[in-house]
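What follows is a short report on a single structure.
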Amino acid sequence: MSWVYAFDLFGTLVFAISGVLTAVEKKFDLVGAAIIGFVTALGGGTIRDLLLGRTPVGWLKDIHYLLVILVAVLLCFLFRVHIQKLRKSMFFFDSLGIGLFSIMGTQIGLSFGISTPYAILLGIVSAVFGGVLRDVLTNEIPLIFRKEIYATACLAGAVCYVGLGYISPFEQIHMIVSMGLVFLIRYLSVRHDWSLPFKTIH
Amino acid sequence: MSWVYAFDLFGTLVFAISGVLTAVEKKFDLVGAAIIGFVTALGGGTIRDLLLGRTPVGWLKDIHYLLVILVAVLLCFLFRVHIQKLRKSMFFFDSLGIGLFSIMGTQIGLSFGISTPYAILLGIVSAVFGGVLRDVLTNEIPLIFRKEIYATACLAGAVCYVGLGYISPFEQIHMIVSMGLVFLIRYLSVRHDWSLPFKTIH
Amino acid sequence: MSWVYAFDLFGTLVFAISGVLTAVEKKFDLVGAAIIGFVTALGGGTIRDLLLGRTPVGWLKDIHYLLVILVAVLLCFLFRVHIQKLRKSMFFFDSLGIGLFSIMGTQIGLSFGISTPYAILLGIVSAVFGGVLRDVLTNEIPLIFRKEIYATACLAGAVCYVGLGYISPFEQIHMIVSMGLVFLIRYLSVRHDWSLPFKTIH
């Protein structure tokens, strides 16, 4: 099992936990919470696959994703309060997750012959639309559109990854550096409460 | 015309009526109500087809579905008050509908070579995501995630259907038994106000 | 560049501006506003393409659409107040946009061998679901389902376009006449505050 695959499953776990916790707060029932966890974790990649015509969509061919979602439900069932206390530090894992998802999404787009700007866009979609679907299904305005440098961090990471591809052949190092960049931007923006409001001139 | 197809059109009619009634309550206009009816009735199967890469999606090849939606709009136009009074007993038809949709969705998943757990998941998606889309489009938190054993009944029915396939060759009987199970669970849970809240240990 | 393509990009620009302005009102950040602009402009055609199995979806093969979205973001950044003052007259451009999108969507449906009624439905989906997604992502009840003859105008235009095809060979004239009809219906319904409420008999 490659480290990328291991990381992908780990990102899936973290996203699924975030979905289940949101669903529990909204008083969803057990199956509802599991569905929200599923959609949060796999929704972004699903939309990317659909836009590309990559069907059956990726996770339908790999039972591990379903198992990871069930583990997330079980962890929330057993250790909900502990996990909620961890939530602030969970942004650490979450940032690793979106970093990886942005870069994998970009890679997959490029491998389908999509032009670089759209491949980067697909990377961002992969990373952020799971959370967007979670917020839509729980009737919230998607948070990631409003605060903290979230989609922007994904954009920076994906651009970095593509840029490094032009100047060096070490694919794996590009991934690590780009994920590090996403993480750094997220860390600094949460710590210093950065945002990028849409301030218009007139 | 097979009884499965007849039942499928009937389930479509019941779901479309539920969508149109919701839209009328929200003061949607005529075409808006028709669109909500359409999405409620065919949204779940559409998502299943998209995930599988079964395109054009099923209903696009069969004009009867569109006719059934128009009949639903017409019935709501002519007999709205009567239908609303019937709404409680409509859960009877609704439960038959989700029973059939869960099982047909599972069958279609299996016929695409999807592993059994994901085929069952696709069955649940077929049955419940039409109602989820209806609630999202009318700006409600999806009801089915919150109360009455709804998705859970679909899960039980789909598992029952797959299980019977291992021990007996009588396909049609499996369908009837599994739909009966979905109906029974729904009936008991509505009658006794059952729910499956996500109670966590810590 | 054909006039249809030019018009398509122009419709994309107008829809993107409408999305960005809505996002700015909702205090979305810069990237969030750009994503809403993107979804509003290209969401309807994307859903049409997905239902048909036309993947990668159309815009993924043409970088001009992305450029147009970025121009829309830039225009809103530079001239937001002026554009908002223009908003009432923007319904003029918007109506041209939905007219074109309905007819192009119908054409694409027919070219995929879809029966005429569903091709017309795909035309309506192309024209209105971008706005529906915008409203869902900003947590509003989709406006177009509730007021002003909006989807209905698209329906009339698409029916007119298909009907003309039976009696005359002049494709381009059919498009112009049908777009004119959509525009006329929208103009009259906004001016005279027309609506088509779902008034039921009983």
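Here, each number is a calculation from the coordinates, and none is a lab measurement. This structure is a prediction, so every number in the text was calculated from the model and none was measured. In this analysis, Cβ positions are derived from the backbone assuming ideal geometry, glycine residues included, and neighbour counts consider all displayed protein chains.
Taking the dipole about the Cα centre of the protein assembly as shown, with the C-beta of Lys and Arg at +1 and of Asp and Glu at -1, give me whichever of C:ILE141, A:VAL4, C:LEU181 is farthest to the positive side.
The one lying farthest along the dipole's positive direction is C:ILE141.
How high is the relative contact order of the range A:3-191, given as a whole-number percent (alpha carbon pairs under 8 Å, six or more residues apart)?
24 percent
If you put +1 on each Lys and Arg Cβ and -1 on each Asp and Glu Cβ, how big is the dipole of the protein assembly as shown around its Cα centre, in Debye rounded to 20?
1220 debye
Between B:GLY99, B:GLY113, B:GLY130, which gets the highest mean-square fluctuation from a Gaussian network model of chain B, Cα cutoff 10 Å?
Of B:GLY99, B:GLY113, B:GLY130, the Gaussian network model singles out B:GLY113 as fluctuating most.
Nearest 10 degrees, 0 to 90: what angle lies between the long axis of helix A:63-85 and the longest principal axis of chain A (Cα atoms)?
Result, in degrees: 70.
Could you check which residue among B:ILE103, B:ILE144, B:ILE69 shows the biggest mean-square fluctuation in a GNM of chain B with a 10 Å Cα cutoff?
Top of the fluctuation ranking is B:ILE144.
Within the range B:147-202, which chymotrypsin sites (Phe, Trp or Tyr not before Pro) sit in a loop by DSSP and count at most 16 neighbouring Cβ atoms inside 10 Å?
B:PHE170, B:TRP194
Which one, C:VAL162, C:GLN172, C:GLY32, is farthest towards the positive end of the dipole of chain C when Lys and Arg carry +1 and Asp and Glu -1 on their Cβ?
C:GLY32
Once the label point is set 7 Å along the Cα-to-beta-carbon vector, what list of distances in nm do you get between A:TYR166 and its counterparts in the other copies?
Label point to label point, same position, other copies: 5.6, 5.6 nm.
Among B:GLY32, B:GLY44, B:GLY11, which one shows the highest mean-square fluctuation when chain B is modelled as a Gaussian network with alpha-carbon springs under 10 Å?
B:GLY32
If you find the alpha carbon centre of the range A:142-201 and of the range C:49-120, how far apart are they in angstrom?
Here the answer is 29 Å between Cα centres.
So which aspartates and glutamates pass the test for A:LYS27, namely a Cα distance under 18 Å, with those fewer than 8 places away in the same chain ruled out?
By straight Cα distance, A:LYS27 reaches A:ASP135, A:GLU140, B:ASP135, B:GLU140, B:GLU148, B:ASP193.
Which value, in debye to the nearest 20, gives the size of the charge dipole of the range A:3-191 about its Cα centre, when Lys and Arg are +1 and Asp and Glu are -1 at the Cβ?
That gives a dipole near 440 debye.
From the phi of every residue in the range A:29-41, what ³J(HN,Hα) in whole Hz does the Karplus formula 6.51 cos²θ - 1.76 cosθ + 1.60 yield, where θ is phi - 60° and glycine or proline is x?
Karplus values, whole Hz, x for Gly and Pro: 7, 4, 5, x, 4, 5, 5, 5, x, 4, 5, 4, 6.
Distance in nm between label sites at C:HIS192 and C:LYS85, each 7 Å beyond Cα in the beta-carbon direction?
3.2 nm
Okay, helix-only estimate at 222 nm for chain C: each DSSP H run of n ≥ 4 adds -39500 (n - 2.57), divide by all residues, round to 500 deg cm²/dmol; what do you get?
-26500 deg cm²/dmol
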